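J.: One structure is given below, represented as structure tokens, and several questions about it will come after.
Derivation of every value follows stated rules applied to the coordinates shown; laboratory data play no part. What you see is a predicted model, and the numbers here were worked out from it, not measured in a lab. Cβ placement follows ideal geometry from the backbone for every residue including glycine, while neighbour counts extend to all protein chains displayed.
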Amino acid sequence: MSKNETDIIFILVLKRHQFMVKDPYLILLIILFPQVISDFDMTLTRFAHNGMRVPTTHNILDNRLLINEDCTKKELLNTYYPIEIDAGRSTEEKLPLMVEWWTKVHELLIDQRIRKDMLARAVKESSAMLREGYKVFFDHLAEHHIPLLIFSAGVGDVLEEVIRQNHVFHPNINIISNYMDFDHTGVLQAFKGQLIHTFNKRQGALSHAAHLRQVQDRPNVLLLGDSLGDLTMADGVTDTHNILTIGFLNDQVEERKESYINSFDIVLVKDETMDIPNAIVKYVTSSRYSK
Ligand SMILES: Nc1ccn([C@@H]2O[C@H](COP(=O)(O)O)[C@@H](O)[C@H]2O)c(=O)n1
């Protein structure tokens, strides 16, 4: 496809989605040595499908194969998820409550003695779904050797299984997440390293991304997230030149629209596709400067 054709398709996709771009020139600026840093749950995965919520990596674990009926994990979700997305509370106010939520859930999961060999089956039996157009996104980045850093406060082992079962776990991918630590019999005994929740990704970025050479060599970032907490995911890249941020606004749209528009360069409202990221990635790779 010629550069002109790519330009036309790119403009058509942008128009069809009718989104706001705060600074359109940023799209041009990320052409040189780009990388993608993306959140996972409800960013690379769908928020809903046919009117039903799509499970997060945590929700995939709510399977009788792994946890028993009286586990109170779902009650915790009903208590803390509304806090996580509450537009009326500041991040400072949410921080200790997110630590509380994640800590309690990790403890519950350890109590359930989750078996490593059951994870793949739990993912297969779940209704986990990557966003429409995911294959183009993952495959295109891999073909063009553009690093993809997936940064998730979910469960890393489950995340890996989701992308593996969708046949897109390519060598250009690095993952920062909460990984399970299994004992010699394959039973969950702890979580590895520092806990990552929705609003402490900056610390995670500084301690993990700083050591990833692939990430450090690429100063122009396309960042994808569904939470304001995701905006700090590129803080571990020491010498960023340009960051183009895309925010998927899935839930509590009216309440959160203003803050999302003020914080992300592009806001996609209830968009279950990868059309906009794909159009940008294709535009970037169609340039002779991108490689
Ligand atoms: N027990 C829990 C804890 C968190 N979640 C959701 O997972 C998301 C975190 O993963 P990211 O890939 O988005 O960083 C977060 O938004 C929580 O809503 C959950 O479902 N259950």
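J.: What's the local net charge at Arg46, with K and R +1, D and E -1, over the other residues with C-beta under 12 Å away? Each step should come with its number before you reach the end.
T.: On the way: positive: Arg53, Arg131, Lys270; negative: Asp41, Glu132, Asp226, Asp271, Glu272.
Surrounding charge for Arg46 is -2.
J.: Please sort by residue number the trypsin sites (Lys or Arg not before Pro) in segment 161-210 whose DSSP state is loop and whose Cβ has at most 13 other Cβ atoms within 10 Å. Don't skip to the answer; put the middle values down first.
T.: Numbers: sites: Arg164, Lys192, Lys201, Arg202; in loops: Lys192.
Taking segment 161-210 and a limit of 13 other Cβ atoms within 10 Å, the loop trypsin sites (Lys or Arg not before Pro) found are Lys192.
J.: How high is the relative contact order of the chain? Use alpha-carbon pairs under 8 Å, at least six apart in sequence, and give a whole percent. List each step's numbers first, then the result.
T.: Details: 485 pairs, mean separation 85.7, N = 291.
After rounding, I find 29 percent.
J.: What is segment 147-202 by shape, rounded, prolate or oblate, if you read a ≥ b ≥ c off the alpha carbon gyration tensor as root eigenvalues and call it rounded for a/c under 1.5, prolate for a/b larger than b/c, and oblate otherwise? Please list the in-between numbers first.
T.: Values: a/c = 2.36, a/b = 1.17, b/c = 2.03.
Oblate is the answer for segment 147-202, as a/c is 1.5 or above yet b/c matches or exceeds a/b.
J.: Mind checking which helices in the chain clear 27 Å along their axis (Cα) and have mean Kyte-Doolittle hydropathy of -0.5 or more, DSSP H runs only?
T.: Details: long enough: 91-111 (30 Å, -0.16).
Membrane-span-like by this rule: 91-111.
J.: Debye sum, Cα scatterers, segment 78-139, no solvent: what log₁₀ I/I(0) at q = 0.16, 0.26, 0.27 1/Å?
T.: Each listed q corresponds, in turn, to -0.86, -0.99, -1.01.
J.: From the helices alone, meaning DSSP H stretches of at least four residues, give me the mean residue ellipticity at 222 nm for the chain, per-run term -39500 (n - 2.57), in deg cm²/dmol to the nearest 500. Present the calculation step by step, with values, prior to reporting the outcome.
T.: Details: 12 runs with 119 residues, N = 291.
Roughly -12000 deg cm²/dmol at 222 nm, from the helical runs in the chain.
J.: Over the chain, what is the percentage of antiparallel beta bridges among all DSSP beta bridges, to the nearest 5?
T.: Details: 8 of 32 bridges.
The answer is about 25 percent antiparallel.
J.: Going by amide H atoms built from the backbone, whose H comes under 5 Å of the H on Met129, apart from near neighbours?
T.: Amide H neighbours of Met129, under 5 Å, 5+ apart: Arg46.
J.: What distance in nm separates the two pseudo spin-label positions at Asp117 and Val99, each 7 Å out from Cα along the beta-carbon direction?
T.: Rounded to a tenth, the inter-label distance reads 3.9 nm.
J.: Once each part is reduced to its C-alpha centroid, what is the distance from segment 208-284 to segment 38-83 in angstrom?
T.: With segment 208-284 and segment 38-83 each reduced to a Cα centre, they are spaced 22 Å.
J.: Still on this structure, I have one more. Would you work out if segment 232-289 is rounded, prolate or oblate? Take a ≥ b ≥ c from the square roots of the eigenvalues of the alpha-carbon gyration tensor; rounded if a/c is under 1.5, else prolate when a/b is larger than b/c, oblate otherwise.
T.: On the way: a/c = 2.84, a/b = 1.38, b/c = 2.06.
Judged from the Cα gyration tensor, segment 232-289 comes out oblate (a/c at least 1.5, b/c at or above a/b).
J.: Which ordering of Phe182, Phe40, Phe138, Phe248 is given by a fewest-first count of other beta-carbon atoms within 10 Å?
T.: By the 10 Å Cβ count, ascending, the order reads Phe182, Phe138, Phe40, Phe248.
J.: OK, next. Would you compute the Debye intensity of the chain from its alpha-carbon atoms alone, equal scatterers and no solvent, and pass along log10 I(q)/I(0) at q = 0.07, 0.09, 0.13, 0.17 Å⁻¹ to two decimals?
T.: So the normalised log intensities are -0.25, -0.42, -0.90, -1.54.
J.: Using the count of nearby Cβ atoms within 10 Å as a rough guide to exposure, how do Asp111, Asp271, Asp41, Asp70 rank from fewest to most?
T.: Details: Asp111 12, Asp271 18, Asp41 26, Asp70 5.
Going from least to most buried by this count: Asp70, Asp111, Asp271, Asp41.
J.: Something else now. Tell me, what is the percent relative contact order of segment 99-196, built from C-alpha pairs under 8 Å that lie six or more residues apart? It would help to have the intermediate numbers written out before the result.
T.: On the way: 107 pairs, mean separation 32.4, N = 98.
33 percent.
J.: On to the next question. Mind running the shape call on segment 58-193? Use the C-alpha gyration tensor, a ≥ b ≥ c as the square roots of the eigenvalues: rounded below 1.5 for a/c, prolate if a/b tops b/c, oblate otherwise. Spell out each step's value before the answer.
T.: Numbers: a/c = 1.82, a/b = 1.23, b/c = 1.47.
Oblate is the answer for segment 58-193, as a/c is 1.5 or above yet b/c matches or exceeds a/b.
J.: Count the net charge of all other residues whose Cβ sits under 11 Å from the Cβ of Ile60, scoring Lys and Arg as +1 and Asp and Glu as -1. Please list the in-between numbers first.
T.: Numbers: positive: Arg121, Lys124; negative: Asp41, Asp62, Glu125, Asp157, Glu161.
The answer is -3.
J.: Once the convex hull of the alpha carbons of segment 164-291 is built, what does its volume come to per residue, in cubic angstrom? Provide the component values of the computation, followed by the final result.
T.: Values: hull volume 20.4 nm³, N = 128.
Taking only Cα atoms, segment 164-291 has a hull volume of 159 Å³ per residue.
J.: Take the Cα atoms of segment 102-176, find their three principal axes, and give me the spread along each one in whole Å, biggest first.
T.: Principal axes ranked by extent give 43, 24, 20 Å for the Cα atoms.
J.: Which order do the peptides 84-96, 112-124 take when ranked by the mean count of other beta-carbon atoms within 10 Å per residue, highest first? Mind showing how you got there, number by number?
T.: Working: 84-96: 12.9, 112-124: 16.5.
Highest mean packing first, the order is 112-124, 84-96.
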